[in-house]
Amino acid sequence: MIQKKEKIQFEFLNRDISWLEFNARVLDEAADKGNPLLERLKFIAIFSSNLDEFFMVRIAGITSQLDTKFHKIYREYGYEPAELLAELERRIRELVARQYRYLNNDILPELRRHKIRIESWDSLSALQKNTALKIMTSEIYPVLTPIGIDQSHPFPLVPNLGLEILIRLVPAKEKTEKFAVLEVPPVIPRFIQIESSANGLVCITAEELIGNNLNLLFSGAEIKECAMFRVTRDMDFSIDEESIADLMTEIQIALRKKTKRSLVRLELSSGISAKSKKWLLEKLNITESGTRLIQPISGIMNLKSMFALASLQGYPELVDEPLPPLQSPHLLGKRDMFAAIREQGPFLVHHPYESFDPVVKLLEQAAEDPDVLAIKQTLYRVSGNSPVVKALVKAARNGKQVSVLVELKARFDEENNIIWARELAEAGAHVVYGIAGLKVHCKALMVIRREDDGIRRYVHLSTGNYNDKTARLYTDIGYFSADKVLATDVSALFNVITGFSAPPDWNKLVVAPFNMLEKILFLIDREARISTKENPGHIIIKVNSIIDYEVIEHLYRAACRHVKIELIVRGICGITPYCLPPEFAKNIRIVSILDRYLEHSRIYYFLNNGSPEYYMGSADLMPRNLRRRIETLFPVDAPEIREELDFILHTCLNDRRKGRRVTGINQYSKTTGMSAYEKTRSQNVLYDYYKQRLTKAKETAKPANGNITVFKQPERE
């Protein structure tokens with residue numbers, strides 16, 4: 001056990017600083033020349049999108065603590081809000097400067113060499129300007145709304161993350177300067193294509209085109225200055241669920257008020273004059289030190305929009321090689337989903353290497369099958385045109401008993417979830433909006449079917465959301481089963497979620513906030529208890545984040561009992577081996593993988609003195625997951641599935657190309673210059689693994705009736 005004298009300042013790393021270092025690793029991918037050029041541009045956009053959310057939620061939350069008597073969290077290992085904000089601001093400025101350096105000095109020049117150019121107005125030829133003007137007058141001008149600011153036209157409510165043009169001008173027949181504000185409408189393309197020919201692609205940004213043709217909007221005026229700005233607002237709103245009558249209505253009210261929420265960041269063109277800057281700050285009711293970060297931008301503002309440019313078609317050499325999702329070998333032939341699950345026993349489908357279609361197929365078959373009596377499902381985030389929701393709507397209209405938990409409090413998806421909740425309710429589904437004080441984050445689906453031998457329950461549990469779009473981008477694992485004991489637990493879970501049922505004594509499921517923390521600590525402590533130097537224990541955990549201080553402390557204790565601890569943590573990581581004496585620090589190894597897919601699956605492995613236990617589920621090791629959310633972990637017992645999980649875990653741990661090792665306090669190894677390790681690139685290795693497995697399954701399939709034989713996992717090299 002760690003003794004008090006061994007504790008140093010960095011026993012627990014701050015979650016916000018750790019998150020920034022995660023986003024720094026995202027930015028590293030934009031610098032990695034081993035990535036195709038448009039993929040590097042995509043990482044520029046991802047970095048900006050992540051940072052926007054960080055300001056709206058985390059910076060906003062910390063800022064709100066400045067004027068309160070804030071107590072440090074977890075005994076003496078907390079932080080002072082003002083000190084933390086200062087450190088975060090310093091690091092953000094460094095990272096944003098690096099982002100623009102990568103973009104302006106490297107990526108954009110490289111795009112030019114591939115004949116993809118983002119031009120300024122002045123660099124366009126006369127013919128190109130004529131083309132641009134036609135687009136401006138016919139497609140853009142009609143939707144623009146300039147707002148002149150004077151006594152009768154007050155300063156507008158600037159939308160969160162909107163791209164705005166500040167104009168200083170002298171109107172026609174006047175002598176004094178005035179100001180106007182013009183939003184670049186999000187409904188028009190950010191990058192306007194002026195030319196696409198053998199000479200290449202020429203684009204101009206919407207704001208560049210508008211800003212150089214303001215005479216169309218301000219006839220006769222003398223334009224003195226044109227500058228860009230963008231505000232980020234506090235979107236970390238909370239609702240007192242215990243004291244409201246209607247959660248959906250309250251969330252809708254909160255969403256309508258989002259344009260009035262306080263500012264946490266102001267981005268400004270770096271060349272803005274002192275006069276215009278002073279006027280703008282006064283109108284926004286902030287001072288130089290009043291907002292947490294006034295960020296001067298040298299170049300294109302709102303780089304999240306680079307997603308559009310990174311998605312250009314017709315440049316196969318500039319993007320990743322396509323890896324189309326594979327068919328699951330468990331579903332070869334023409335059998336329906338119920339037969340496949342019933343006859344083969346439990347099996348996994350690993351997205352996006354394997355297609356998400358089986359989940360949709362299960363729901364679509366359930367909607368049409370006259371023997372299906374009921375469907376129960378949790379929905380946290382679904383796509384904009386979700387086939388999952390469509391199948392549930394069809395099932396309800398077909399008279400099935402459909403019960404759906406739609407978590408309205410899924411941040412930034414509230415409006416989307418409200419729309420789906422209403423559609424489901426109108427179709428006749430029983431819709432529950434969550435549990436007061438808890439988010440329902442677990443991923444569970446159950447189909448109840450009448451069969452010859454009685455009622456049978458089919459279960460799908462997952463590490464990720466029922467979202468067909470993100471299933472192509474996130475690595476997640478779905479688990480299909482008709483296990484009666486597991487189904488009993490899932491039924492009880494839905495009764496807890498949708499009714500007033502008390503949590504039961506779970507048979508297989510581990511459910512937060514009821515017994516998950518207790519179970520995880522027990523598994524860690526058991527590993528430490530039976531571990532010796534000669535026969536060390538072994539823990540492997542793959543999660544998105546680990547920041548729960550209680551869990552971390554127990555892992556430290558296990559490491560000091562010779563337990564080998566291997567962590568695959570994509571994002572926030574509050575654990576650092578360097579707080580331990582060197583002989584114990586070496587027992588902890590941490591890997592973070594950032595690649596073409598977002599690592600999202602959660603897998604837990606405990607050696608247990610040769611009788612290993614495996615778990616999968618929805619939960620990361622964060623206080624919110626273990627204490628304030630409905631989460632599930634479920635055990636994996638089948639030998640074939642355990643072998644598959646072993647392959648996944650060890651492939652990730654052995655990734656030297658995209659797997660970054662923790663090398664110091666909040667420091668990670670680089671991936672640049674690591675092309676010699678391309679063969680260890682875990683996501684490519686896993687795709688090849690599933691491709692080979694499918695090929696072998698097809699070779700062993702029985703052509704007579706379309707059924708397939710039972711097969712083993714392919715041998716690892």
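The values are calculated or read from the model by the stated rules, or taken from the named source; none is laboratory data. Note that the structure is predicted; figures quoted are calculated from it, not measured. Cβ coordinates were reconstructed from backbone atoms using ideal geometry, including for glycine residues, and neighbour counts include every protein chain displayed. Protein only, heavy atoms only, side chains kept; ligands, DNA and RNA dropped before computing areas. Shrake-Rupley method; radii C 1.70, N 1.55, O 1.52, S 1.80 Å.
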### Query
So, with +1 on the Cβ of K and R and -1 on the Cβ of D and E, and no other charges, what is the size of the charge dipole of the chain about its Cα centre, to the nearest 20 debye?
740
### Distance-filtered residues of the range 145-170 - backbone nitrogen under 20 Å, label point 7 angstrom along Glu282 Cα→Cβ
147-158, 165-170
### Message
Checking the a/c ratio against 1.5 first, then a/b against b/c, what shape does the Cα gyration tensor give for the range 45-154?
### Response
oblate
### Task
For a quick protection proxy, order the peptides 642-649, 387-394, 691-698 by their average other-Cβ count within 10 Å, most packed first.
387-394, 642-649, 691-698
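Using packing as a proxy for protection, rank 676-688, 373-385 so that the peptide with the highest average count of other Cβ atoms within 10 Å comes first. Provide the component values of the computation, followed by the final result.
Details: 676-688: 17.2, 373-385: 19.9.
Per-residue mean Cβ counts within 10 Å order the peptides as 373-385, 676-688.
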### Summary
Label model pair Asp106, Asn609: point-to-point distance (7 angstrom along the Cα→beta-carbon line) in nm is 5.2
### Message
Counting just the Cα atoms, what span does the range 515-572 cover along each of its three principal axes? Round to the nearest Å and put the largest first.
### Response
33, 24, 14
### Message
Rolling a 1.4 Å sphere over the protein heavy atoms, what is the accessible area per residue of the chain, to the nearest Å²?
### Response
43
### Label-point separation in nm, Ile188 to Ile435, each point 7 Å along Cα→Cβ
5.0
### Summary
Amide H contacts under 5 Å for Cys203, restricted to residues at least 5 apart in sequence or on another chain and with H modeled in the peptide plane, are Arg117, Ile118, Glu119, Ile194
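Compute the Kirkwood hydrodynamic radius of the range 534-603, taking the inverse of the mean of 1/r over all pairs of distinct Cα atoms, and give it in Å to one decimal. Display every interim value, and only then the final one.
Working: mean 1/r = 0.0800 Å⁻¹.
The answer is 12.5 Å.
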### Task
Would you compute, from DSSP H runs of 4+ residues alone, the mean residue ellipticity of the chain at 222 nm, taking -39500 (n - 2.57) per run and dividing by the full residue count, rounded to the nearest 500?
-10000 deg cm²/dmol
### Query
What's the FRET efficiency of Gln313 with Val57 using the Cβ-Cβ distance as r and R₀ = 35 Å, to the nearest 0.05?
0.55
### Query
What do you get when you divide the Cα radius of gyration of the range 431-494 by 2.2 N^0.38 Å, with N the number of residues?
1.30
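Calculate what fraction, in whole %, of the accessible area of the chain sits on carbon and sulfur atoms when a 1.4 Å probe is rolled over the protein chains. Numbers along the way, then the final one.
Details: 15470 of 30900 Å².
Whole-percent figure for carbon plus sulfur exposure: 50.
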### Summary
Between the residues Thr137, Leu281, Leu348, the Cα farthest towards the positive end of the dipole of the chain, that dipole coming from +1 and -1 charges on the beta-carbon of Lys, Arg, Asp and Glu, is from Leu281
### Answer label, with mean projected area of the Cα convex hull in nm² calculated from the coordinates and candidates [x] 35.9; [y] 33.2; [z] 39.4
[x]
### Task
Kindly flag which residue pairs out of Lys134/Lys173; Lys390/Lys542; Lys175/Lys277; Lys469/Lys691; Lys400/Lys508; Lys469/Lys542 have an alpha-carbon separation exceeding 25 Å in this structure.
Lys134/Lys173; Lys390/Lys542; Lys400/Lys508
### Query
Extent of the range 117-182 along each principal axis, from alpha carbon coordinates, in Å, largest to smallest?
42, 34, 20
### Task
Take every Cα-Cα pair in the range 303-367 and report what % of them are more than 18 Å apart.
54
### Query
With Cβ to Cβ distances under 15 Å as the rule, what net charge do the other residues near Lys224 carry (K, R +1; D, E -1)?
+2
### Task
Quick one: give the max-minus-min coordinate of the C-alpha atoms of the range 499-546 along each principal axis, largest first, in Å.
50, 25, 14
### Message
Filter Lys33/Lys115; Lys42/Lys439; Lys443/Lys670; Lys129/Lys278 down to the pairs with a C-alpha to C-alpha distance above 22 Å, please.
### Response
Lys42/Lys439; Lys443/Lys670; Lys129/Lys278
### Message
Sort 132-144, 356-368 by packing, meaning the average of other beta carbons within 10 Å per residue, with the highest value first.
### Response
356-368, 132-144
### Summary
Listed by chain and number, the residues whose amide H is under 5 Å from that of Ile546, excluding neighbours fewer than 5 places away on the same chain and using placed H, are Ile572, Cys573, Gly574
